[in-house]
Structure formats: structure tokens, C-alpha cells
1. Per 0.36 nm of contour for each residue apart, how much would the distance between residue 38 and residue 14 grow if the chain were fully extended, relative to their Cα-Cα spacing?
2. In whole Hz, what ³J(HN,Hα) sequence does the stretch 17-28 give by Karplus (6.51, -1.76, 1.60; θ = phi - 60°), x for Gly and Pro?
3. Evaluated at 25 °C with a viscosity of 0.890 mPa s, what Stokes-Einstein diffusion coefficient in µm²/s does the chain have when Rh comes from the Kirkwood expression over alpha-carbon pairs?
4. So, in nm, how far is label residue 24 from label residue 45 when the simple model puts each one 7 Å beyond its Cα toward the Cβ?
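None of the figures in this text is laboratory data; all of them are computed from the coordinates on show. In this text, all values refer to a predicted model and were calculated from it rather than measured experimentally. Because the Cβ atoms are built from the backbone with ideal geometry, glycine has one as well, and the counts that use them run over all protein chains shown.
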Amino acid sequence: MENQNRNNWNWGFTTGAENWNGRLAMIGFISAVVIELASGQGLLHFWGLM
């Protein structure tokens with residue numbers, strides 16, 4: 001097994017890429033929740049898509 005830094009940014013299905021994908025997904029989810037709490041609207045209504 002190759003010893004690599006789990007925080008390196010590499011393209012493809014690597015451990016580092018999957019870690020970054022998870023981190024960015026968590027930031028996006030929390031951002032959506034904060035927008036809904038602050039505006040009192042759903043995310044799509046806030047952006048005017050619905």
C-alpha cells in the first residue's frame with residue numbers, strides 16, 4: 001500500500017480527493033441550512049428558482 005498524504009489534492013478516485021469531496025459537501029450542506037434559517041425560505045425560493 002502506498003503511503004500518501006491524505007490531504008493532497010489529486011484528481012481521480014484517491015483518498016485525498018475523496019476527503020476534499022466530503023469536506024466541500026459538508027460546507028455546502030451547512031451553507032444551505034444557514035441560508036434557510038436566516039431567510040426563512042427554502043434554498044430554491046431564496047435563489048428565485050421556484
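1. Numbers: separation 24, 0.36 × 24 = 8.64 nm, distance 3.62 nm.
Computed gain between residue 38 and residue 14 is 5.0 nm.
2. In residue order, the calculated couplings are 5, 5, 5, 5, 4, x, 4, 5, 5, 5, 5, x Hz.
3. 189
4. So the two model labels end up 3.0 nm from each other.
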